Amino acid sequence: MELQERLREFDIQSYTKGVRLRDKAFEIVGAIATLLVLTFLFAVSVDLLIDGWVRIKDPNFYKSFPSRFPEEAGILSAWVGTLYVMSGAIFWAVILGIPAGIYLEEYGGKGKISRIIEANISNLAAVPSIVYGLLALGVFVYRFKFGESILTAGLTLGLLMLPVVVVATRESIRRIPRSIREAAYALGATRWETLFHHILPYSAGGILTGLIIAASRAIGETAPLITIGALTFIAFLPPAPWQDFIGMLKSPFTALPIQMFNWISRPQEAFHTNAAAAGFVLLVLAFLMNSIAFYLRFKVRRKYQW
Amino acid sequence: MTLSLGTKKAIDVGIYIFLMFMGAVSILVTAAIIWVLLVDTINFFTHPDGGGFPSSLIRFFTEREWTPTFYDKKIGIWPLINGTFMIAGISVLVAIPLGLAVAIYLSEYASWKVRESVKPWLDFLEAVPTVVYGYFALLFITPFLQKFFSLFGIEMEGMNALSPGIVIGVMILPFMASMVEDSLKGVPQYLREASYSLGASKLRTALFVVLPAAKSGILSAYLLGFSRAIGETMVVAVAAGMYPQITANPLEPVQTITGYIVQVALGDLPFNSFEYLSIFAVGMVLFIITLIFNSIAVYLKSKTVGY
């Protein structure tokens, strides 16, 4: 009896209205949260742009060495250093990462070795970047005697990029259907012919995308470079690689994020302006690299639809 | 170019060995990390400046101050642990609710168009250099919070744990949100449809059907995010101060493990000096902490129920 009573009094319309309202409310909360995160990104960029505008628009900022006088200080040695270090990092990431990815995906199978390597790479991906810096300091700088050089920095950032490149390589190879391989084998191709004639060309776009994304993360890495002892005050450029390759590798260096960090830590406000300008340059670089990666990914998706 | 079958086979074997060797390099890297941390940690604990083994190890865990760079050397790790976990804790307080809301919104509510236009920006947010976030924490968030707190008559120091905590929270958010979204996506559509067919709303379905089904993946994402926050360096080096202390007040300056490593590395360190070795000892602690969190995360992920 009581149940019937309650059912009669139950207002289904206002109940469903409430449910719909809560549903809508959560959708709005979610949208606001998403918007908030994007606003944060926007705020960071605008803050840097406004704070650093005086120096960003000043062409001398890109052409001068660091200096005691904030108005004269520039990022010449920093962006040249970043260029060298990143070239090294990309070199090592390609040399070590792509073969490792190919091995795991094409040759590894489900064997014990490949399982160990796989688990190991996912562990490496989660190691804090400053620990890579300690590795570089203890092994490359002091035990291998590479010094606080471009070579050490390139190697360090290359190792940091390694897990991302391996995963990207594996994923883009995995997308190639088995039938392609079987067709190649059926025509008498060996494994490496299949690899070089089919697998690599088809996966190149995806691998490149992963490589650029990894590089866009590595270019802003500061902690490992500070740990290996990158200098902050470098008023010369490393020798050009076509003149003195070894000298270039052994040259001390500074890089954009290091230079920026140095300027932030100074008490004078004028240096903060420089820091903001350097930060904006870094942000633009990271943005450009991400855009290229985004465009490439889109292209690749279009090109190969199995 | 035609090669004989024998040459082809030889190339095949050669390339196989080359690829396997390159794959094994990653193991070499891990081994080198562990080796260098271990060796220099042992050297740290046997160094005369720390009192030698085993008293240095006891001091490491019992002293309440961290001053290995001073004349009077105290080597208690707890102030650094305190700073590290406080900042990481603040950051997950920001990232967990926001990240969950973003992930549920993107996975369950947002239209395809919204999702496709938001995700690249979230990806880009992951690529923003951390030193830039440090600048933002120090010169934007901190002054803003100082003004906010002064409304209530609370004084906040220029270096503090709160502002880097918040910024790191937003920093790890895209990473966490995309992992959570992946595990929500992994929940099969028929579970949602079953729930809808029983008359449940989208919200109810998301909270009581999809979330529980994806819970191990979500927890794993949180742990990985937390481990990232612990290892984050530049934001804390810039904005958290260099004052290792045991405190529960987020408005005071603290120092994290990573912040200490940066502080020491900025100076000129003689190889194998006590200060030099100390960053490897704390680096070892950092490595172990993150390894524990990552292993739990991987374990949880492997427990994800397949539908």
Quick one: is B:Leu93 more than 11 Å from chain A (Cβ to nearest Cβ), in contact with a strand residue (DSSP E or B) (Cβ under 6 Å, 6 or more places away or on another chain), assigned to a helix (DSSP H, G or I) and modelled with pLDDT of 90 or more? no
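A quick yes/no check of all residues on (1) free of Cβ contacts under 8 Å to residues at least 60 places away in the same chain; (2) more than 11 Å from every other protein chain (Cβ to nearest Cβ):
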{"site": "B:Phe149", "(1), (2)": "no, yes"}
{"site": "B:Pro164", "(1), (2)": "no, yes"}
{"site": "B:Ala177", "(1), (2)": "no, no"}
{"site": "B:Leu184", "(1), (2)": "no, yes"}
{"site": "B:Val187", "(1), (2)": "no, yes"}
{"site": "B:Ala194", "(1), (2)": "yes, yes"}
{"site": "B:Thr205", "(1), (2)": "no, no"}
{"site": "B:Val209", "(1), (2)": "yes, yes"}
{"site": "B:Ser227", "(1), (2)": "no, no"}
Where in the stretch A:219-306 are there helices (runs of 4 or more DSSP H), lying wholly inside it, with at least 3 residues that are over 18 Å from the mean Cα position of the chain (by Cα) and more than 10 Å from chain B (Cβ to nearest Cβ)? A:245-250, A:269-303
Which listed residue, of A:Phe65, A:Phe26, is surrounded by 12 or more Cβ atoms within 10 Å (Cβ to Cβ), assigned to a loop (DSSP other than H, G, I, E, B) and modelled with pLDDT of 85 or more: A:Phe65
Is there a residue in the stretch A:142-152 that is free of Cβ contacts under 8 Å to residues at least 40 places away in the same chain, under 30 Å from B:Pro270 (Cα atoms) and within 7 Å of chain B (Cβ to nearest Cβ)? yes
Number of the exception - A:Arg8 against (1) surrounded by 15 or more Cβ atoms within 10 Å (Cβ to Cβ); (2) farther than 22 Å from A:Gly220 by Cα: (1)
Considering only the stretch B:74-85, I want to know if a residue exists there that is within 14 Å of another protein chain (Cβ to nearest Cβ) and surrounded by 21 or more Cβ atoms within 10 Å (Cβ to Cβ). yes
Tell me, which residue of the stretch A:1-48 that is of a type in the set (Phe, Trp, Tyr) and more than 10 Å from chain B (Cβ to nearest Cβ) is nearest to the chain's Cα centre (by Cα)? A:Tyr15
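Okay, residues lined up against (1) more than 19 Å from B:Ile34 (Cβ to Cβ); (2) modelled with pLDDT under 95; (3) more than 9 Å from chain B (Cβ to nearest Cβ):
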site	(1), (2), (3)
A:Ile90	yes, no, yes
A:Leu96	no, yes, no
A:Pro99	yes, yes, no
A:Gly108	yes, yes, no
A:Lys112	yes, yes, yes
A:Ile117	no, yes, no
A:Asn120	no, yes, no
A:Leu135	no, yes, no
A:Gly138	no, yes, no
Name the residue that is farthest from the chain's Cα centre (by Cα), counting only residues in the stretch B:265-281 that are facing another protein chain (nearest Cβ under 9 Å) and within 23 Å of B:Ile81 (Cβ to Cβ). B:Leu269
Among the residues of the stretch B:46-89, how many are in contact (Cβ under 8 Å) with a residue 40 or more places away in the chain and farther than 20 Å from B:Pro253 by Cα? 5
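Given the options A:Glu182, A:Glu221, name the one that is at pLDDT 90 or above and buried (at least 24 other Cβ atoms within 10 Å of the Cβ). Reasoning before the result, please.
Details: A:Glu182 fails: buried (at least 24 other Cβ atoms within 10 Å of the Cβ).
After ruling out the rest, the residue left standing is A:Glu221.
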Of all residues being more than 8 Å from every other protein chain (Cβ to nearest Cβ) and surrounded by fewer than 23 Cβ atoms within 10 Å (Cβ to Cβ) in the stretch B:282-292, which is farthest from B:Trp66 (Cα to Cα)? Just the residue, please. B:Ile292
Condition test on B:Phe226, is it of a type in the set (Phe, Trp, Tyr) and more than 12 Å from the chain's Cα centre (by Cα)? no
Mind listing whichever residues of the stretch B:100-117 are over 28 Å from the mean Cα position of the chain (by Cα), free of Cβ contacts under 8 Å to residues at least 40 places away in the same chain and part of a helix (DSSP H, G or I)? B:Trp112, B:Lys113, B:Val114
Across (1) charged (D, E, K, R); (2) within 30 Å of A:Gly206 (Cβ to Cβ); (3) within 13 Å of chain B (Cβ to nearest Cβ), A:Asp51 clears everything bar (2)
Give the residues of the stretch B:139-166 that are in contact with a Gly (Cβ under 8 Å, 6 or more places away or on another chain) and assigned to a helix (DSSP H, G or I), sorted by residue number. B:Thr142, B:Gln146, B:Pro164, B:Gly165
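This table checks each residue for (1) β-branched (Val, Ile, Thr); (2) crowded, with 23+ Cβ neighbours inside 10 Å.
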| site | (1), (2) |
| --- | --- |
| A:Arg191 | no, no |
| A:Thr194 | yes, no |
| A:Ile199 | yes, no |
| A:Ile213 | yes, yes |
| A:Thr227 | yes, yes |
I'd like the residue in the stretch B:279-307 that is modelled with pLDDT of 90 or more and of a type in the set (Phe, Trp, Tyr) and, out of all such residues, is nearest to B:Leu223 (Cα to Cα). B:Phe293
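The values are calculated or read from the model by the stated rules, or taken from the named source; none is laboratory data. Computed from a predicted structure; not experimentally measured. A quick note on method: Cβ atoms are made from the backbone with ideal geometry, for glycine too, and the neighbour counts reach across all protein chains shown.
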